[in-house]
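A.B. asks: Let me give you the structure first, and then I'll get to my questions.
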Amino acid sequence: MQPQDLQRALAPKLGERLLGVEPFAGTAGRVRFERTAALETFRAMRDDLGFAHCAMVGGIDWVETREVLYVLWSDGARQYALLSTTVPANDAHVETASGVWPSANWHEREAWEMVDITFDHHPDLRHLLMPDGYAFHPLLRSFKLHEPEELEVKVRHV
Amino acid sequence: MSEMWINMGPQHPMTHGLWNLRVQIDGELVRAVDPEMGYLHRGIEKISEDRHYNEVITLMDRCCYVAGMAWEHLYILGAEAALQVRPPERADYLRVLCDEFQRLGSHLMWYAAFVQDLGLMSPFLYGMRDRDLVLDLFQSFTGARMTYEYMRVGGVRNDLPPGFADRSRKVLDWLDDRFREYDALCLGSTIFRKRCDGLGVLKGPEAIAHGVTGPMLRAAGVKRDLRKDRPYSAYDRVDFDVALADSADVTGRYLVRMEEMRQSVRILRQVLDWLDHHPGPVVADRLPRWLGAPYAPVGAEGYLLKRNYPKGLGLSAIEEPHGEALSYVVNDGGEHPYRVKFRSPVFANLSAASTYLVGYHVADIPPIMGSVDVCVGEVDR
């Protein structure tokens, strides 16, 4: 499967909300879509294009925006495909994929607690790796492990 | 009052690691399950953002404590895709060698722990004994038995020591014989069959929808193996079959893992033969300076090179002993990875726990969870 095949299948359904399909090494392509078209994109990928396996959902913090990256696999084409949508950091939410692929459930819980992206209509959006009530989102760029100064060793000359 | 929640874990012989399986029971029947993870979370993805590319390798060994080599391989492939580095051919074969020995080590560990869960004590000792032979081989060329730190961006750290191929072939011959004994001990045992047949059934379509991969998926008859479907390193140049079963239950998963070990032995024999006849470099020449020595003092030229990291996103996928492992490494042009993300196969297999546990008895949970082959290190990261 080529990026053009993805483009041809998705463009009629998404229209302008399909922001583009670009080639990506080792996959069928990388699909960029508007978050308002999330559910249509998921359904089209699964039902029309045969990507029945959602391998991973991950978040990337680009400081002003956040990117949600879905990695899908098709047993028919024996290929991966990437889906990505970008949301503003101060309004980071996107429709859940767990209704289409149940496997997205835990991945979205992790993306929510680590990168602070809310998944609308998620059946069970609670902490997974962090304890309940944990107030931080560790994989945001603003979450610093340490300041470099703290690690400086003071040497006393005698 | 007839239904209640009980905790199996975090300290329970069934867990094989530190996690908690909350089970809702009605008498002896399992009504619902809710795995509670995070006890082993060390923030490996976050720590990676503060490290040089080669320094992340030490963390990967700690990701999965029975399959460190496979996780190194996964990360290295992602980093190489992001940094656009190609390893020499001999390094590709050495990586396959590491992966397959690691698969043997991991599956033998699984065999030992799983059969012990069923109450058969002697197979535990046999499994651990034979796994030690594999670890001895690892020690002879990496210096470590668990945390190898062997692979590098652009190749591997060092070549094999003299006499390694002969020692390996002896171990492989020995293991080939032992697999017959394992089968006789397990498949011939009434206790084993009564505790495994028809339990934890997870059929193909449901397994795919829930993201289950690896031996669990192949035990349901779905032929998906990334080594065949999307060959990486030298897997397109070796000959092997994908292990399959169709019963989709605990016994099926046992059969698949046993067959995978036989196929690993087959792959290793071919790889050892190839390595005998094709000496060569094991690290890419013309490696950028910043990849060779992270702490080397850099002059003006080195400084310029340091600024020349290609930007991009590298995706890699390998067939880890537990299933499909994925990673992406995002590079924004800095000297550390901007973002690293790993997909652990056990993570997905555990998230589907309700599909293969609900409806069975509480006493069935240890054999079923044993057949999942849980490694909490890679789930929690």
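A.B. asks: Any chance region B:9-24 includes a residue that's surrounded by 15 or more Cβ atoms within 10 Å (Cβ to Cβ) and more than 25 Å from the chain's Cα centre (by Cα)?
C.D. replies: Here is the first cut: in region B:9-24, the residues surrounded by 15 or more Cβ atoms within 10 Å (Cβ to Cβ) are B:9-10, B:12, B:14-21, B:23-24.
With more than 25 Å from the chain's Cα centre (by Cα) added as a condition, the list becomes B:23-24.
Scanning region B:9-24 turns up at least one residue that is surrounded by 15 or more Cβ atoms within 10 Å (Cβ to Cβ) and more than 25 Å from the chain's Cα centre (by Cα).
A.B. asks: Let me ask something else. Regarding residue B:39, is this residue within 14 Å of chain A (Cβ to nearest Cβ), in contact (Cβ under 8 Å) with a residue 60 or more places away in the chain and of a type in the set (Phe, Trp, Tyr)? Quick ask: steps written out before the conclusion?
C.D. replies: On the way: within 14 Å of chain A (Cβ to nearest Cβ): yes; in contact (Cβ under 8 Å) with a residue 60 or more places away in the chain: yes; of a type in the set (Phe, Trp, Tyr): yes.
Considered against the rule, which asks whether it is within 14 Å of chain A (Cβ to nearest Cβ), in contact (Cβ under 8 Å) with a residue 60 or more places away in the chain and of a type in the set (Phe, Trp, Tyr), residue B:39 comes out as yes.
A.B. asks: Looking for something in contact (Cβ under 8 Å) with a residue 40 or more places away in the chain, buried (at least 16 other Cβ atoms within 10 Å of the Cβ) and either among the polar types (S, T, N, Q) or closer than 26 Å to residue A:141 by Cα (or both) - is there at least one such residue anywhere in region A:9-25?
C.D. replies: For region A:9-25, residues in contact (Cβ under 8 Å) with a residue 40 or more places away in the chain, buried (at least 16 other Cβ atoms within 10 Å of the Cβ) and either among the polar types (S, T, N, Q) or closer than 26 Å to residue A:141 by Cα (or both): present.
A.B. asks: When the residues of region A:82-135 are filtered to those that are under 21 Å from residue B:209 (Cα atoms) and among the polar types (S, T, N, Q), which remaining residue is nearest to the other protein chains (Cβ to nearest Cβ)?
C.D. replies: A:103
A.B. asks: Further, regarding this structure: State whether one or more residues within region A:56-79 are within 28 Å of residue B:82 (Cβ to Cβ), polar (S, T, N, Q) and away from every other protein chain (no Cβ under 14 Å).
C.D. replies: Going residue by residue through region A:56-79, those that are within 28 Å of residue B:82 (Cβ to Cβ) are A:56-75, A:77-79.
Subsequent filtering for residues that are polar (S, T, N, Q) retains A:65, A:74, A:79.
Next cut, away from every other protein chain (no Cβ under 14 Å) only: none.
The answer is no; no qualifying residue exists.
A.B. asks: A further question on this structure: For region B:331-343, check the following and say yes or no: at least one residue is at pLDDT 85 or above and within 15 Å of residue A:80 (Cβ to Cβ).
C.D. replies: Checked against the condition, which is being at pLDDT 85 or above and within 15 Å of residue A:80 (Cβ to Cβ), region B:331-343 yields at least one hit.
A.B. asks: What is the number of the single condition among (1) out of contact with any Phe, Trp or Tyr (no Cβ under 9 Å at 6 or more places or on another chain); (2) within 28 Å of residue B:274 (Cβ to Cβ); (3) at pLDDT below 90 that residue B:151 does not meet?
C.D. replies: The number of the failed condition is (1).
A.B. asks: Checking the conditions here, which among B:99, B:159, B:132, B:173 is buried (at least 16 other Cβ atoms within 10 Å of the Cβ), over 21 Å from residue B:368 (Cα atoms) and modelled with pLDDT of 90 or more?
C.D. replies: On the way: B:159 fails: modelled with pLDDT of 90 or more; B:132 fails: buried (at least 16 other Cβ atoms within 10 Å of the Cβ); B:173 fails: buried (at least 16 other Cβ atoms within 10 Å of the Cβ).
Only one candidate qualifies: B:99.
A.B. asks: For region B:248-277, give me each residue that is surrounded by fewer than 20 Cβ atoms within 10 Å (Cβ to Cβ) and of a type in the set (Phe, Trp, Tyr).
C.D. replies: Residue satisfying the conditions is B:274 alone.
A.B. asks: So, in region B:218-242, of the ones that are more than 9 Å from every other protein chain (Cβ to nearest Cβ) and over 30 Å from residue B:91 (Cα atoms), which residue ends up nearest to the chain's Cα centre (by Cα)?
C.D. replies: Checking each candidate, the answer is B:219.
A.B. asks: Inside region A:32-44, can you point out the residues that are within 14 Å of another protein chain (Cβ to nearest Cβ) and either crowded, with 20+ Cβ neighbours inside 10 Å or of a type in the set (S, T, N, Q) (or both)?
C.D. replies: Scanning region A:32-44 gives a single hit, A:42.
A.B. asks: Only one of these is within 18 Å of residue B:176 (Cβ to Cβ), hydroxyl-bearing (Ser, Thr, Tyr) and away from every other protein chain (no Cβ under 14 Å): B:93, B:126, B:75, B:65. Name it.
C.D. replies: Numbers: B:93 fails: within 18 Å of residue B:176 (Cβ to Cβ); B:75 fails: within 18 Å of residue B:176 (Cβ to Cβ); B:65 fails: within 18 Å of residue B:176 (Cβ to Cβ).
Testing whether each residue is within 18 Å of residue B:176 (Cβ to Cβ), hydroxyl-bearing (Ser, Thr, Tyr) and away from every other protein chain (no Cβ under 14 Å) leaves just B:126.
A.B. asks: Sort out which residues of region B:310-322 are closer than 20 Å to residue B:100 by Cα, at the interface with chain A (Cβ under 10 Å from one of its Cβ atoms) and either crowded, with 24+ Cβ neighbours inside 10 Å or over 23 Å from the mean Cα position of the chain (by Cα) (or both), and write them in order of number. Outline the logic, then answer.
C.D. replies: Within region B:310-322, the first condition is being closer than 20 Å to residue B:100 by Cα, and the residues that meet it are B:316-322.
Within this subset, residues satisfying the condition of being at the interface with chain A (Cβ under 10 Å from one of its Cβ atoms) are B:316-317.
Selection gives B:317 alone.
A.B. asks: Also, quick follow-up: Of the residues B:207, B:220, which single one is in contact (Cβ under 8 Å) with a residue 40 or more places away in the chain, within 30 Å of residue A:28 (Cβ to Cβ) and of a type outside the set (Asp, Glu)? Talk me through it step by step, then tell me what you get.
C.D. replies: On the way: B:220 fails: in contact (Cβ under 8 Å) with a residue 40 or more places away in the chain.
Sole residue among the options that is in contact (Cβ under 8 Å) with a residue 40 or more places away in the chain, within 30 Å of residue A:28 (Cβ to Cβ) and of a type outside the set (Asp, Glu): B:207.
A.B. asks: So which residues in region B:333-344 are outside any strand (DSSP E or B), over 8 Å from residue B:379 (Cα atoms) and more than 9 Å from chain A (Cβ to nearest Cβ), if there are any at all?
C.D. replies: Filtering region B:333-344 down to residues outside any strand (DSSP E or B) leaves B:333-338, B:344.
Imposing the further condition that a residue be over 8 Å from residue B:379 (Cα atoms) reduces the set to B:333-338.
Result: B:333, B:334, B:335, B:336, B:337.
The values are calculated or read from the model by the stated rules, or taken from the named source; none is laboratory data. No experiment lies behind these values; they were computed from the predicted model shown. For neighbour counting, all protein chains shown are included, and Cβ atoms are generated from backbone atoms with ideal geometry for every residue, glycine included.
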